[in-house]
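Read through the structure below, which is laid out as structure tokens, and then see the notes.
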Amino acid sequence: MADFLPLFPLNLVAYPGEGLNLHVFEPRYRQLVGECIDAGSTFGIPAFIDNKIPGYGTEMRVTELAKRHDDGRLDVRTEGLRVFRIVTFQNPAPGKLYAGGKVSWQPDEPYDAIMPGLLERLRKLHRLLHVPSLFEADTDCFSYTVAHKIGLSVEEEYELLTLPRETERQAFLIRHLERILPVVAELERTKERIRMNGHFKNLDPIDF
């Protein structure tokens with residue numbers, strides 16, 4: 001059976017377990033978030049891509065009202081809960097300023113392990129990028145915790161969101177890393193050649 005959910009479309013992909021800070025300034029979304037705070041209810045962030053809502057999103061709950069501005073704007077902290085698919089869409093929802101719709105919940109099949117090779121590839125990418133490689137490896141949905149950190153496009157992040165099994169999502173990430181690691185490695189070699197340009201080099205003579 002479909003449930004009704006207030007909807008806050010954004011040009012991003014939110015994942016279950018993700019913390020997301022929102023600055024809410026439009027009257028319709030101030031109404032939406034204000035009602036969720038007062039009632040302790042949830043809302044949905046469906047991805048808005050290429051000027052349309054493809055259909056999948058993540059249910060969110062407000063974890064903290066960080067600031068209520070004098071002009072009514074709100075700064076809130078939210079957390080992703082579960083993935084949904086929009087069944088019907090109304091804009092605006094009856095009697096409201098904001099959109100809403102009936103949604104069905106994406107069945108999820110957690111996987112309490114990390115597929116062979118995924119961590120190795122993640123660490124290699126972050127070594128090449130010279131950034132810390134810190135991961136929560138004990139989570140049920142490891143893919144969600146790293147999806148924003150490996151250079152996926154918003155379209156690729158959305159595709160990941162639509163996959164119901166953690167094994168599928170991790171395999172998706174491995175395929176992505178296999179594609180981009182050679183590109184990043186070559187870029188780093190190019191940067192090193194550029195840094196060396198104009199400097200004295202120790203060159204061995206060629207014997208011919």
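Among residues of segment 48-69 being of a type in the set (D, E, K, R) and part of a strand (DSSP E or B), the one that is farthest from the chain's Cα centre (by Cα) is Arg68.
If you go through segment 99-148 and pick out every residue that is modelled with pLDDT of 90 or more and under 23 Å from Leu10 (Cα atoms), you end up with 14. In this structure, does Glu178 turn out to be assigned by TED's automatic domain parsing to the domain that holds Ser153, touching a Pro at 6+ places or on another chain (Cβ under 7 Å) and at pLDDT 90 or above? No.
Residues considered: Gly80, Gly72, Gly57. Of these, the only one that is at pLDDT below 95 and not β-branched (Val, Ile, Thr) is Gly72.
Given the condition under 20 Å from Tyr158 (Cβ atoms) and touching a residue at least 24 places away in the same chain (Cβ under 8 Å), answer yes or no: does some residue in segment 68-77 qualify? No - not one qualifying residue is present in segment 68-77. When segment 21-31 is limited to residues that are in contact (Cβ under 8 Å) with a residue 60 or more places away in the chain and surrounded by 14 or more Cβ atoms within 10 Å (Cβ to Cβ), the one that is nearest to Arg85 (Cα to Cα) turns out to be Tyr29.
Residue by residue, here is whether (1) buried (at least 17 other Cβ atoms within 10 Å of the Cβ); (2) among the acidic types (Asp, Glu) holds:
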{"position": "Pro54", "(1), (2)": "yes, no"}
{"position": "Arg68", "(1), (2)": "no, no"}
{"position": "Arg73", "(1), (2)": "no, no"}
{"position": "Ala93", "(1), (2)": "yes, no"}
{"position": "Glu109", "(1), (2)": "no, yes"}
{"position": "Arg123", "(1), (2)": "no, no"}
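Checked against (1) assigned to a loop (DSSP other than H, G, I, E, B); (2) in contact with a Gly (Cβ under 6 Å, 6 or more places away or on another chain), Gly72 passes all but a single condition, namely (2).
Can you pull out every residue in segment 32-47 that is crowded, with 17+ Cβ neighbours inside 10 Å and either outside the structural domain of Arg68 (by TED's automatic domain parsing) or outside any strand (DSSP E or B) (or both)?
Leu32, Val33, Gly34, Cys36, listed by residue number.
Pairs linking a residue in segment 6-20 that is surrounded by 17 or more Cβ atoms within 10 Å (Cβ to Cβ) to a residue that is part of a loop (DSSP other than H, G, I, E, B), with Cβ atoms under 6 Å and 6 or more positions apart or on different chains, are Pro6/Tyr98; Pro9/Phe48; Pro9/Ile53; Leu20/Ala14.
The values are calculated or read from the model by the stated rules, or taken from the named source; none is laboratory data. Note that this is a predicted model, so its numbers are computed, not measured. Note that each Cβ is placed from the backbone with ideal geometry, even for glycine, and that neighbours are counted across all protein chains shown.
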